[in-house]
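Everything below concerns the one structure shown next.
The values are calculated or read from the model by the stated rules, or taken from the named source; none is laboratory data. Keep in mind that this is a model prediction, so the values were computed, not measured. Positions of Cβ are generated from backbone atoms using ideal geometry, with glycine treated the same way; all protein chains shown enter the neighbour counts. Remember, those area values only see protein heavy atoms, side chains included, never the ligands or the DNA or RNA. Shrake-Rupley method; radii C 1.70, N 1.55, O 1.52, S 1.80 Å.
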Amino acid sequence: MRPVTRGLAPRTYRKYGDAIGDLEERLGIYCSYCERRLPASLAVEHVVPKSLVPELETTWDNFLLGCTNCNSVKLNQPTNKRDFLWPDVDNTMRAYSYSPGGFVDVADGLTTTMSRKAKKLMDLVGLDRHEAEGRPAPAPRDKRWQQRKDAWDAAVLAKARLAELNNAPAAMDLVLIAAEGFGFFSIWMTVFADHPAIKRALVQRFKGTADDCFDPNFDPVARPRGRL
Ligand SMILES: [Zn+2]
């Protein structure tokens, strides 16, 4: 899950819905949880539900961007900053692993505590829902897994083509255009794990990516002031 930084509040909001444009400007038109690109249907997502803590309803630091599927699983489930990892606080790039077929899992090698927090966020939005047997079942309209699978396949194909073209700058640019078009930052970062130039460009081009979550090779590192 892409670690993001929304920056300081651009202004105050009378209604939370008024923040959508500023959020899209800062974070790009991607769901903060499932990472899909959604040009027209993202909603202002409250990290802590407004129904539970009404005073956070119009607070910029409580906002992310959410898609219908992530929102409809999360609904008004109680959350807090302590028991869950969050993409605006932690390096959630280290929390999950993405694999062919559209699968997402809690990453190996985390401490028990971090693994539990990663799982809590995964369950909160149903990030690992997949039609495959043995996985939590998605709702009929929930095709996040299918879109992850498609993005993975596109990234693998793009990587092969890039190699055939000897990493020509124009070909690299096309890879990045494809990545921005699909979304799923983490999938592109995973498929291009051994390609620092592409990873650097992904971090730079996906607006709002927390660049302090990456080392000079653009591998994920502990987030300053985060827990992971
Ligand atoms: Zn989503």
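Looking at (1) outside any loop (DSSP other than H, G, I, E, B); (2) small (Gly, Ala, Ser); (3) under 22 Å from the mean Cα position of the chain (by Cα), can you tell me which one Ala139 breaks?
Only one criterion is unmet by Ala139, namely (1).
Out of the residues in the range 23-52 that are open to solvent by less than 40 Å² (accessible area, probe 1.4 Å) and more than 16 Å from the chain's Cα centre (by Cα), state the one that is farthest from the ligand (Cβ to nearest atom).
Selected residue: Val48.
Could you tell me whether any residue of the range 97-110 is aliphatic (A, V, I, L, M) and either more than 18 Å from the chain's Cα centre (by Cα) or in a loop (DSSP other than H, G, I, E, B) (or both)?
So the first thing to find is which residues in the range 97-110 are aliphatic (A, V, I, L, M), and the list is 104, 106-107, 110.
Okay, now just the ones that are also either more than 18 Å from the chain's Cα centre (by Cα) or in a loop (DSSP other than H, G, I, E, B) (or both), so 107, 110.
There is at least one residue in the range 97-110 that is aliphatic (A, V, I, L, M) and either more than 18 Å from the chain's Cα centre (by Cα) or in a loop (DSSP other than H, G, I, E, B) (or both).
Taking only pairs six or more apart or across chains, which ones have beta-carbon atoms under 7 Å, a first residue in the range 27-39 that is over 19 Å from Leu8 (Cα atoms), and a second residue that is surrounded by fewer than 24 Cβ atoms within 10 Å (Cβ to Cβ) and of a type in the set (Val, Ile, Thr)?
Arg37/Ile29; Leu38/Ile29; Pro39/Ile29
Assess whether Asn76 counts as being within 14 Å of the ligand (Cβ to nearest atom), over 21 Å from Val203 (Cα atoms) and polar (S, T, N, Q). Talk me through it step by step, then tell me what you get.
Details: within 14 Å of the ligand (Cβ to nearest atom): no; over 21 Å from Val203 (Cα atoms): yes; polar (S, T, N, Q): yes.
Spelling it out, it is not the case that Asn76 is within 14 Å of the ligand (Cβ to nearest atom), over 21 Å from Val203 (Cα atoms) and polar (S, T, N, Q).
Scan the range 55-79 for residues that are open to solvent by less than 20 Å² (accessible area, probe 1.4 Å) and in a helix (DSSP H, G or I) and jot them down.
Across the range 55-79, the qualifying residues are Trp60, Asn62, Cys70, Lys74.
Out of the range 4-50, which residues are polar (S, T, N, Q) and touching a helix residue (DSSP H, G or I) at 6+ places or on another chain (Cβ under 7 Å)? I'd like the intermediate steps shown before the answer.
Keep residues of the range 4-50 that are polar (S, T, N, Q), which gives 5, 12, 32, 41.
Scanning the range 4-50 gives a single hit, Ser41.
Among the residues of the range 191-203, are any closer than 17 Å to Arg2 by Cβ and surrounded by fewer than 18 Cβ atoms within 10 Å (Cβ to Cβ)?
Restricting attention to the range 191-203, the residues satisfying the condition of being closer than 17 Å to Arg2 by Cβ are 191-193, 198-203.
Next, from what is left, pick out any that are surrounded by fewer than 18 Cβ atoms within 10 Å (Cβ to Cβ): 193, 200.
Yes, some residue in the range 191-203 is closer than 17 Å to Arg2 by Cβ and surrounded by fewer than 18 Cβ atoms within 10 Å (Cβ to Cβ).
A quick yes/no check of all residues on (1) closer than 26 Å to Asn76 by Cβ; (2) within 12 Å of the ligand (Cβ to nearest atom); (3) touching an Asp or Glu at 6+ places or on another chain (Cβ under 8 Å):
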site: Asp105; (1), (2), (3): no, no, yes
site: Thr112; (1), (2), (3): no, no, no
site: Lys120; (1), (2), (3): yes, no, yes
site: Asp123; (1), (2), (3): yes, no, no
site: Leu127; (1), (2), (3): yes, yes, no
site: His130; (1), (2), (3): yes, no, no
site: Gly134; (1), (2), (3): no, no, no
site: Ala137; (1), (2), (3): yes, no, yes
site: Arg144; (1), (2), (3): yes, yes, no
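Here is a list: Thr12, Thr5, Thr79, Thr59. Which entry is free of Cβ contacts under 8 Å to residues at least 24 places away in the same chain, over 21 Å from Arg144 (Cα atoms) and of a type in the set (Ser, Thr, Tyr)? Working first, answer last.
Working: Thr12 fails: free of Cβ contacts under 8 Å to residues at least 24 places away in the same chain; Thr5 fails: free of Cβ contacts under 8 Å to residues at least 24 places away in the same chain; Thr79 fails: free of Cβ contacts under 8 Å to residues at least 24 places away in the same chain.
Step by step, each of Thr12, Thr5, Thr79, Thr59 is checked, and only Thr59 is free of Cβ contacts under 8 Å to residues at least 24 places away in the same chain, over 21 Å from Arg144 (Cα atoms) and of a type in the set (Ser, Thr, Tyr).
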